[in-house]
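Notes to accompany the following structure.
The values are calculated or read from the model by the stated rules, or taken from the named source; none is laboratory data. Predicted model only: the values in this text are computed from it and were never measured. Virtual Cβ from ideal backbone geometry, glycine too; neighbours counted across all protein chains shown.
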Amino acid sequence: MKENIVVEIKVNRVKDELVYSVDCSSEITNEELEYYLEQIIKGICEWKPGICTETIQSFNGIIKKKKKQT
């Protein structure tokens with residue numbers, strides 16, 4: 001990976017499927033990656049508001065209990 005890339009998201013067409021990959025620097029923490037991805041999504045929603053308001057109706061998920069650090 002190039003030295004100046006912190007997070008890189010790619011989507012490629014492979015035959016009839018879209019395949020995505022997310023690469024990030026080994027120096028980035030999970031918290032930083034989460035923040036950067038959140039900001040990318042926020043930017044996309046501001047750039048193309050219809051993507052966020054018209055297609056995302058609701059989302060349900062489970063949050064796992066945080067593991068204790070030892």
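Annotations for the structure displayed:
- Test: residue in the stretch 53-63 that is part of a helix (DSSP H, G or I), surrounded by 10 or more Cβ atoms within 10 Å (Cβ to Cβ) and either out of contact with any Leu (no Cβ under 8 Å at 6 or more places or on another chain) or modelled with pLDDT under 90 (or both): yes
- In the stretch 1-30, the residues that are within 22 Å of I41 (Cα to Cα) and free of Cβ contacts under 8 Å to residues at least 24 places away in the same chain reach residues that are assigned to a loop (DSSP other than H, G, I, E, B) and hydroxyl-bearing (S, T, Y) with C-beta atoms within less than 9 angstrom, at least six apart or across chains, in these pairs: I5/S25.
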